[in-house]
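Let me begin by presenting the structure, written as structure tokens, before commenting on it.
The values are calculated or read from the model by the stated rules, or taken from the named source; none is laboratory data. Predicted model, so just to flag it, every value in this text is computed and none were measured. No Cβ is skipped: glycine too gets one built from the backbone with ideal geometry, and neighbour counts run over all protein chains shown.
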Ligand code: PLP
């Protein structure tokens, strides 16, 4: 049985070029970058190069990049690092109601500490309306955090406009760009964002390494205290191999982005058109084209509760897709808060399939998928709930 991986929003396979760049740092080049001797300095140079490669992807300056351990850590750093510079009553934060838990759970934590958080609504097409931001801003709003692309529906958010509105009020604008980095151009010189989170494993880089772009002059309080690495903003001996891998992944993504995005858009739109053609009750969730190049989210009218069975049946055929974000594997079968935020009722919000394509997917794999999915969808009611019990 062939294996097809269509779950790139959960994580991506490492690009072999990234592995090759990282390998020496698991062998001969083992030095601590803070050491002044030859092996320490080799590591330091490698970090400098990784930082430059990542900065180049954003047209940013290397001293605006701080390496972290994950997208989750970057998001925590921003929210907590901005909020704790103020007393709770002096700091109102705005975010959207369909952010990743890395933002939403951190907001809940801040609420417990007394900070006020406003959650912007989302349209049925999965977009945050800039008008709603204008209404939510207050004189004490210090930070607005809206993701660049949603992890479940794949919709792109109007971050340039949201950032402009935020800046006019004098607050900071952060975007969780974990799903967008390396897939769509994000040039910081023309995009007025102050802070941007990313994670290497979503762009064919390694797991356990992320970064935060911090615009020059923007201050955040550190979350991790210690030896003063990363200009004191994020102490800890650096993950040198991870940084090298993230830098290489960024360089590859930057060089190949435009050709790769066109290729993925063609594959994506072929799947959407064919599925709607062959499966009468299938519908696309989220905006038809304001979406990530390789991202599809499908619902099945009247059979929403069966989506998980369909995902498991596809898995039996060697095809890996998901019913939501990886985090929702822990609460499989529950309505998705992201779909509910888009105005879906609890029944419809239980059933979606997320198909996310990436660098190594081929036309041939899409052909196989389009042959297998309609056949399995036609048999939906005959699939037993045995598999469902296994994951719930
Ligand atoms: N933000 C978004 C939008 C994500 O999709 C994810 C991961 O799925 C994260 C943050 C967390 O990133 P990490 O897995 O590096 O902690």
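Overview of results
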read-out	value
Unmet criterion (only one of (1) touching a strand residue (DSSP E or B) at 6+ places or on another chain (Cβ under 8 Å); (2) within 17 Å of residue 173 (Cα to Cα); (3) more than 16 Å from the ligand (Cβ to nearest atom)) for residue 111	(2)
Residue check, residue 132 within 16 Å of the ligand (Cβ to nearest atom) and either surrounded by fewer than 24 Cβ atoms within 10 Å (Cβ to Cβ) or more than 12 Å from the chain's Cα centre (by Cα) (or both)	no
Region 13-32, residues that are touching a helix residue (DSSP H, G or I) at 6+ places or on another chain (Cβ under 6 Å) and within 16 Å of the ligand (Cβ to nearest atom)	18
For residue 163: the one exception among (1) part of a helix (DSSP H, G or I); (2) over 21 Å from residue 219 (Cβ atoms); (3) under 21 Å from the mean Cα position of the chain (by Cα)	(2)
Qualifying residues in region 202-235 (those that are part of a loop (DSSP other than H, G, I, E, B) and within 16 Å of the ligand (Cβ to nearest atom)) - the one farthest from the chain's Cα centre (by Cα)	223
Residue 140 being in the same structural domain as residue 86 (by TED's automatic domain parsing) and surrounded by fewer than 16 Cβ atoms within 10 Å (Cβ to Cβ)	yes
Top-ranked residue in region 32-54 [being part of a helix (DSSP H, G or I) and free of Cβ contacts under 8 Å to residues at least 60 places away in the same chain; ranked as nearest to the chain's Cα centre (by Cα)]	48
Positions within region 91-108 being in contact with a strand residue (DSSP E or B) (Cβ under 8 Å, 6 or more places away or on another chain) and over 19 Å from residue 73 (Cβ atoms), in sequence order	91, 92, 94, 96, 97
Residue count, region 243-283 (criterion: buried (at least 17 other Cβ atoms within 10 Å of the Cβ) and not in a helix (DSSP H, G or I))	2
